[in-house]
Amino acid sequence: MIRYRTFRNTDPPLLAELWCSHPPQRALVQPMTTGLFEQKVLSKPYFDREGLIVAVDGSRLVGFAHAAFGPTNDGSAVSTETGTTCMLMVGPHVDRRQIAEELLRRSEGYLRSRGARHLMVGCVRPVNPFYLGLYGDNDSPGLLESDKETVSLFHSAGYQSAQTRAVLERRLSGFRPILDRVQMQVRRQYHIELEFDPPAGNWWEGCTTCQADRLMHRIVSRNAGETCGSVTSWDLEHLSASRGVRAVALTGLEVQQAHRGQGLGTFLVGETLRRLHNEPAHRVDLAVIHVAEDNRPALALFQKLGFTQVDRSLVLRKSPDSSIA
C-alpha cells in the first residue's frame, strides 16, 4: 500500500536514489547526489518541508512532488499568490500513473491551502524557487515537451499552455562570428565589457541564482561609453558532467530599444560565444538558450548564428479551482 507524507530529514539519500533511477532525459542532470540535492534545493531559505510530498511503498521511496511559490513583485519576499509544482517524479512502479496523479493532487492541495490563486507547472522565472541547473539546462524552463509522460499527466489535470519556447543549442567547435559590412561597422563603434558574478537585482534573484557561476557581457559604445545591451552566461557545471561537454546557458539577452535593428544583438552574442570558446582555462563547447516562439527577431538572430532547435519548453497554468479529470 502506498503511503504519502511530507519530507523528513532522512529522505535526501532516498530522493537522490529515486532521481538516479529516472529514465535518461536530455535536460535532467545525472547523477544526482545527496549533497547536490541538499545544496540546490534544501538549503534555500524558503524551503518548506510541508511542500515536499513523498510516496512510500514499504521502505522504498517511489515518488515525490515538490510544491512552492514565487516572489512578490519587488522580489523582496515570497508571495503565495502563484504556486507551482516545481518537480514531480515517480520511479518504476506498477501503479506509476496513479501515484503521480495522487502526488499532483496533494501538491495542488498544499498550494491551495496556502492561498494560491494561480497554479503552474515546473519553474519559470520569476516563479523559479528551486531546481535551477538541475532540470531544463537553461534557466527555468517550465516543462520540456520531450518529457511526454509528464506533459500528458498535467494536460489531463487541466493545465493549459500559456507560452512555448524553443530550446536552442549550438556546438562551438569551428564557430566564427558573422563578419559582413554591418558587423564590421558595429565592431568599429562598440566593444564588449565583462562583469563577473554581477550583483543580484533583489533578494529573490539572489536566492535563486547565488550558486550559479555567472558572467555578464555588455555591449558598450566606444565614443559615449553607453551600455546598449547585455547577455548573461552561466556555467552549466552539473549538466556539463552528465553531457560530457563543457556547456553554458545564455540568459537575459536584451538590446535597448533605441539600438535595435542595427546588428548589435548579433555582435553581442557572436562575441560572447567566441570569447567563451577561446577561453584557455575554461573552454566552452556548447551553448544553450530558450527563446519564446513568438519572439521572431530573437529566433532569427540565433538561427543566423547557427543554433538549432532540440526541444520545446512549455509554460503550463490552470485555475486553482480546477481538479484532475
Here the qualifying pairs (Cβ atoms under 6 Å; residues six or more apart or on different chains; first in region 87-100 and under 26 Å from Leu42 (Cα atoms); second charged (D, E, K, R)) come out as Val90/Arg96
Qualifying positions in region 172-211 - within 25 Å of Val124 (Cα to Cα) and touching a residue at least 24 places away in the same chain (Cβ under 8 Å) | Pro198, Gly201, Asn202, Trp203, Trp204, Glu205, Cys207, Thr208, Thr209, Gln211
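Going residue by residue through region 2-13, is there one that turns out to be crowded, with 16+ Cβ neighbours inside 10 Å, closer than 29 Å to Gly244 by Cβ and touching an Asp or Glu at 6+ places or on another chain (Cβ under 9 Å)? Show your work before the answer.
First pass over region 2-13, keeping only residues crowded, with 16+ Cβ neighbours inside 10 Å: 4, 7, 11-12.
Pick out the ones that are also closer than 29 Å to Gly244 by Cβ and you get 12.
Within this subset, residues satisfying the condition of being touching an Asp or Glu at 6+ places or on another chain (Cβ under 9 Å) are 12.
Checking region 2-13: at least one residue is crowded, with 16+ Cβ neighbours inside 10 Å, closer than 29 Å to Gly244 by Cβ and touching an Asp or Glu at 6+ places or on another chain (Cβ under 9 Å).
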Can you confirm whether region 88-97 contains a residue that is on the phi < 0 side of the Ramachandran plot, over 18 Å from the mean Cα position of the chain (by Cα) and surrounded by 23 or more Cβ atoms within 10 Å (Cβ to Cβ)?
-> yes
Give the residues of region 163-178 that are surrounded by 14 or more Cβ atoms within 10 Å (Cβ to Cβ) and of a type outside the set (Asp, Glu), sorted by residue number.
-> Gln163, Thr164, Arg165, Ala166, Val167, Leu168, Arg170, Arg171, Leu172, Phe175, Pro177, Ile178
Considering each of Val124, Val90 in turn, give the residue that is modelled with pLDDT under 95 and either closer than 30 Å to Val291 by Cα or in contact with a Pro (Cβ under 9 Å, 6 or more places away or on another chain) (or both).
-> Val124
Based on what the data block shows, is Glu195 of a type in the set (Asp, Glu) and over 20 Å from Val288 (Cβ atoms)?
-> yes
Checked against (1) within 14 Å of the chain's Cα centre (by Cα); (2) in the same structural domain as Phe307 (by TED's automatic domain parsing), Asp137 satisfies every condition except (2)
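Take the conditions touching a residue at least 12 places away in the same chain (Cβ under 8 Å) and either outside any loop (DSSP other than H, G, I, E, B) or of a type in the set (Ser, Thr, Tyr) (or both) and apply them to Leu103. Does it pass? Walk me through how you get there before you give the answer.
Numbers: touching a residue at least 12 places away in the same chain (Cβ under 8 Å): yes; either outside any loop (DSSP other than H, G, I, E, B) or of a type in the set (Ser, Thr, Tyr) (or both): yes.
Spelling it out, Leu103 is indeed touching a residue at least 12 places away in the same chain (Cβ under 8 Å) and either outside any loop (DSSP other than H, G, I, E, B) or of a type in the set (Ser, Thr, Tyr) (or both).
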When you go through (1) in a helix (DSSP H, G or I); (2) touching a residue at least 12 places away in the same chain (Cβ under 8 Å) one by one for Ala300, which number turns out not to apply?
-> (2)
Determine which single condition Thr150 fails, assuming it passes every other condition in (1) at pLDDT 95 or above; (2) outside any loop (DSSP other than H, G, I, E, B); (3) within 21 Å of Ala16 (Cα to Cα).
-> (1)
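Hey, among Ser21, Ser43, which residue is surrounded by fewer than 16 Cβ atoms within 10 Å (Cβ to Cβ), within 19 Å of the chain's Cα centre (by Cα) and hydroxyl-bearing (Ser, Thr, Tyr)? Break it down stepwise before answering.
Details: Ser21 fails: within 19 Å of the chain's Cα centre (by Cα).
Answer to the selection: Ser43.
The values are calculated or read from the model by the stated rules, or taken from the named source; none is laboratory data. Keep in mind it's a predicted model, so treat the numbers as computed, not measured. Ideal geometry is used to build each Cβ from the backbone, glycine not excepted, and the neighbour counts take in all protein chains shown.
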